[in-house]
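Encoded as structure tokens, the structure appears first; notes follow it.
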């Protein structure tokens, strides 16, 4: 292929796109870089818990899901203890497709290892200073 073949190749590709997609497709650098989901939205604790989980938590890893659910239950207050039984109860309520999945006891341990949460009393967890890094 040479540089002379490039314009005819582009014309052929555009014709195929028009046939497949039913019209001319615009290609811009901006549309190619736009993520499907807006990242780093400000967490909104005023919405109901199910909407919060769907909007901010569902696409995260297990330990991050745990931290963000704890943050919702503690209303982002550092040092506010939340019982593990309360967290598991809310976790198990999120049984809809693509919400939280099955709870694993590994999640709070990994979150604690990362420094996002702390456990000052047996069976309770609270947010640590770096909890917001779990949302990044």
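Values computed for the structure shown
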read-out	value
Cβ crowding within 10 Å averaged over residues, with 88-100, 65-77, 122-134, 9-21 ranked highest first	65-77, 122-134, 88-100, 9-21
Once the Cα gyration tensor of segment 49-135 is diagonalised, semi-axes √(5λ) in Å	19, 13, 12
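Coordinate-derived values only; no laboratory data. Predicted model only: the values in this text are computed from it and were never measured. Positions of Cβ are backbone-derived with ideal geometry, glycine not excepted, and every protein chain shown enters the neighbour counts.
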